[in-house]
Amino acid sequence: MTGIQTGLIAFGVLIGLLALRIHVGVAMLATGIGGYVMLIGWGPLLAYLKNAAYGRYSVYDLSVVPLFLLMGQFALRGGLSKGLFDAANAFIGHWRGGIAMGSVGACAGFGAICGSSLATATTMGQVALPELRRHNYAPGLATGALAAGGTLGILIPPSVVLVIYAILTEQNIAKLFLAAFVPGVLAAIGYMLAIMVYVRIYPEAGPAGHRRTWRERMRALGSIWQVIAIFIIVIGGIYGGFFTPTEAAAIGTIATGAVALTRGGLRNGGWIACVYGTAQATGMIFLILLGADVLNVFLALTQMPAELADWVIGSGLPPLAVLFVIFVILLVLGCIMDSLSMILLMVPIFFPIIMGLDFFGLDSTEKAIWFGIMALMVVEIGLITPPVGMNVYIINGLARDVPMGVTFRGVIPFLCSDAVRILLLVFFPSISLFMVRWFA
Amino acid sequence: MGEALAHEHVRPAGPLGRALDLACRGFALGGGLVLSAMALMSVASIVGRAAFGKPITGDFELVQMGCAISVTMFLPFCQMVRGHIIVDFFTARMPPRVLAILDTAASVLLAAVAFLVAWRLAIGLQELRGSGDSSMILRVPTWYAYVPMVPSFVLLGLAALYTAFVNALKVPA
Amino acid sequence: VAATLPAAAEQVTLRVHHFLPTGSTAHAKFITPWCDKINKESAGKLKCQIFPAMQLGGKPPQLIDQARDGIADIVWTLPGYSAGRFPVVEVFELPFMMTSAEATSRAVWDFVQAHDQAEFKDVRPLAFHVHGAGHFFTVKAPITSMADLSGLKLRAPTRLTNMMLGSLGATPVGMPVPQVPEALSKGVIDGAIIPYEVVPAIKVHELTKFASEGDPSYRGLYTTVFVFAMNPAKYDSLPDDLKKVIDANSGAETSAWIGKVWDEADGPARQRLVERGNPVNVIPAAELDKWKAASASVTEAWLKDVASKGVDGPALLDAARTLIDQHSK
Ligand code: NA
Ligand code: NA
């Protein structure tokens, strides 16, 4: 049996286990364990498990994951989302569709200090939904904008998914964050444009709010200085190379914790609630990480990733066609799986293929960064596509009177914006790469 | 993905469930303390390096160990609040009874895997203790990190057995 | 063609696991050629599956136990990663021990055979080797005297080099290799000590302006011991003819050959520095005498460390030095 055949069987088994509602991490672990034992036996497997968990979890760069998640919890408890929303609205709330656009802007701001989409969607949803409804925004536009806006939590660095990608592909986290910055801002602008076009077609969907005076605007801006300061310290520190991403996450966590503390967000068990929130999100990610580790070792033993890469390279298919096939696979998987599981499952297989192909003459580091940014965008689309779209579920949980179908339809303009952005990133790699080249 | 948010979680009833819930929360808070200490230590090291040219010796090693300890201590709590991800797309239209059976089996499998890992980790701990394996700069024995990890995986297994039990109770209904 | 190939049943596949990427000296110049050689000498019966970059899972410090447990059949790693487990062989990592990598590698092999088999009893060592001497690569000014080191933030690779830099007045910063380029470019550290061979891989020639090496008459500032080891049960399971092939490709000669590979990798890397116009400064022997005296505390600390384990440190230190001298002639 070839490596590719073994790998395909393993995928079949994995999908079968997932369909039976086995936890994603456990399904990967079980498939990996089964395959490992078949290939080299119980002895090596039992020996491997002695140190696998410590080996997987004691990685310096990985420690940014729980740190960024704790930082997001502090930002949530510190009420930073409300200040961001008010500030954005003070400037553009009086435009048609302006409050929805302000919500997207606030999501982008929150994403700049939070590494997770879930937290961004939850916290901004709580703040913005009541306001959007009060101003008679169409339910689909309100929930759609927030579900899509939530993805900015991960598209704008810092981003937990990018950290995992960096570790899987041995790339520099700082460079990936740098590369994600412009595409992330483009995503926010694209979502705002989508709202603009939408309210031009359906003017009653997004009524204008009232215009604020410049004095009110300045006051609103004043309340978000902490967010800006934290963002500059964290991301500026990483970009400037003053400290490593882990150190930046530590500083950001302490700074955000201090803001939450001074605003009273850590009172009445606030710190404990932050730890519980972090524990849940971290536990979820790290169980999958352990499963993916065992599964990937098994796949390496089958030699499937290498064989597949050789086969694709030998087939003479145009590189861009291969890239689009990969995107389609990720999009289809994204309909039913979460982004992190997909990255952990597919990157070890697709990455060697991409690295073996020529795209616009990019060198290997640039190719890895460029592909990483696009893969991030494609898997994050899964958060808002039916049937399983985590962000849609979260926003719908907050707006219980809006049918799920209405929210999924409300997301369509934002999906169009996503498609345009990804095409731009494919054909103009320098959008992702110019900041990296500029800083290098 | 059947991913509940922590605040939606209803605390378990019955003495057994409450005791397990308490233990899981205790471990999560322990992990939170380690994580917070790690963040403070990193900040102290950066300040020391930037201001006085004296970083904390072995800060990288401490972060590695702290990361392993804190994330492992988070695992049981995540299961207690049903935070570990499942794909519920394929079974969306199944009757509740079938779902209860599947979820019982899934939790039992999670428990089995957790106990397997805990057992192997315990063996690994003994071996590392015997061999004197330690970190490069500070010479902190590696097995120290395994000490909280073994009970964390045991507790993850117990939490999974408990959720299996709760799911099994739903089967006859 | 089919007739000349051995039947599948006779073929033995060896899983070879290491931590560096395929472009590294270790993968391209040592492990791959070694595998090709045993394949040829066994008439195709021995075949390697090389897994670079920790593809079989775990972290580099776990490699040695992977060879013990049969997770991999052969590993290449640093005993120093598992600090505290191989204190005796650490003698070769003391300041001012090594000469050429070739001679020192041969000495390490002989030393372990004669004095240090207990530390490696869980695996079957195929070869030991060291890299070429480590040198200083600095951003702001060359190192010509101990005064130049005062307060300088330098990245050190191991526990002993941390101690050594401290004893010379520098501020050692322990960080993983992948962080070094970023840290250098942004002034988090003022320089690093590494062998020439590593320079191109992490672009140190582009990120620093000055190289400083010790006077060639003097022993190297520091080096690091590597081990190439096999799972003992796997070796025992081989038929005699294949055992012979492995035997012929392990031991003192193989160790010396690997050391030579590292010596030879230093030359082109040094050349790239020279071509970039980075001055290569030489620290005079008279100055190094002072360094040696200042860093004696490191050797004392090592002696104390092994004494606590019931090892006759002074005798082993002497034996290691004698072996290096013997093979350096
Ligand atoms: Na973010
Ligand atoms: Na989806």
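Which entries of A:K50/C:K121; A:K367/C:K59; C:K140/C:K203 show an alpha-carbon separation above 24 angstrom in the structure shown? Correct reply: A:K367/C:K59.
Calculated accessible area for the protein assembly as shown comes out at 36 Å² per residue, all protein chains present (probe 1.4 Å; ligands, DNA, RNA ignored).
Put simply, the amide H of C:I50, placed in the peptide plane, has neighbours under 5 Å in C:V16, leaving out anything fewer than 5 places away on its chain. Note on A:F324 and A:F428: the extension gain reaches 35.9 nm, defined as 0.36 nm multiplied by sequence separation minus the Cα-Cα distance.
On the protein assembly as shown, 64 percent of the accessible area sits on carbon and sulfur atoms, based on a 1.4 Å probe. Peptides A:202-209, B:25-32 ranked from most to least packed, by the mean per-residue count of other Cβ atoms within 10 Å: B:25-32, A:202-209.
Burial annotation for the range A:34-52: residues with an accessible-area loss of at least 30 Å² between the isolated chain and the complete set of protein chains, computed on heavy atoms with a 1.4 Å probe, are A:I40, A:P44, A:L46, A:A47, A:Y48, A:L49, A:K50, A:N51.
Measuring heavy-atom accessible area with a 1.4 angstrom probe and counting protein chains only, the residues of the range B:108-135 that give up at least 40 Å² relative to the chain alone are B:L109, B:L110, B:V113, B:L116, B:V117, B:R120, B:E127, B:S131, B:D133. Chain A contacts chain B over a buried accessible area of about 5700 Å², both sides summed; the probe is 1.4 Å and only protein chains count.
Averaged over the residues of peptide A:382-395, the number of Cβ atoms from other protein chains lying within 10 Å of each residue's Cβ is 1. Modelled spin labels at C:K59 and A:L8, positioned 7 Å past Cα toward Cβ, are 3.9 nm from each other. Interface area, chains C and A: about 1700 Å² of buried accessible surface, summed, with a 1.4 Å probe and ligands, DNA and RNA left out.
Placing dummy labels 7 Å off each Cα toward the beta-carbon, the span from A:A419 to C:V139 is 4.8 nm. Take each residue of peptide C:46-58, count the partner chain Cβ atoms within 10 Å of its Cβ, and average: the result is 4. Full extension of the chain between A:W438 and A:V185 gives 89.3 nm of extra length, using 0.36 nm per residue less the Cα-Cα distance.
At a threshold of 10 Å², the residues of the range A:223-250 that become less accessible to a 1.4 Å probe in the full protein assembly than in their chain on its own are A:Y239, A:G240, A:G241, A:F242, A:F243, A:T244, A:T246, A:E247, A:A250.
Sorting the segments A:181-189, B:85-93, A:47-55 by their mean number of nearby beta carbons within 10 angstrom, highest to lowest, gives A:47-55, A:181-189, B:85-93. Estimated from helices alone, the mean residue ellipticity of chain B at 222 nm is -26000 deg cm²/dmol (sum of -39500 (n - 2.57) over DSSP H runs with n ≥ 4, per residue).
Ellipticity at 222 nm from helices only: DSSP H runs of n ≥ 4 in chain A, each -39500 (n - 2.57), divided by the residue count, give -25500 deg cm²/dmol.
Think of it as helices only: each DSSP H run of n ≥ 4 in chain C is worth -39500 (n - 2.57), and spread over all residues that comes to -12000 deg cm²/dmol at 222 nm. Computed from Cα positions, the angle between helix C:32-41 and the longest principal axis of chain C comes to roughly 30 degrees. Note on chain C: Rg/Rh from Cα positions, Kirkwood definition for Rh, rounded to two decimals, is 0.99.
Summing Cβ point charges (Lys, Arg +1; Asp, Glu -1) relative to the Cα centre of chain A gives a dipole of roughly 1520 debye. With 23 Å as the limit, the listed pairs C:K47/C:K244; C:K243/C:K329; C:K153/C:K290; A:K175/C:K186; C:K209/C:K292; C:K260/C:K292 have C:K243/C:K329; C:K209/C:K292; C:K260/C:K292 beyond it between alpha carbons. The long axis of helix A:245-262 is offset from the longest Cα principal axis of chain A by roughly 30 degrees. Ellipsoid semi-axes for the range B:14-169, based on the Cα gyration tensor and the rule √(5λ), read 37, 18, 13 Å when sorted largest first. Using the Cβ-Cβ distance between C:A293 and C:Q113 with R0 set to 35 Å, the FRET efficiency works out to roughly 0.60.
The values are calculated or read from the model by the stated rules, or taken from the named source; none is laboratory data. Predicted model only: the values in this text are computed from it and were never measured. As a convention, Cβ positions derive from the backbone with ideal geometry for all residues, glycine included, and neighbour counts pool all protein chains shown. Protein only, heavy atoms only, side chains kept; ligands, DNA and RNA dropped before computing areas. Shrake-Rupley method; radii C 1.70, N 1.55, O 1.52, S 1.80 Å.
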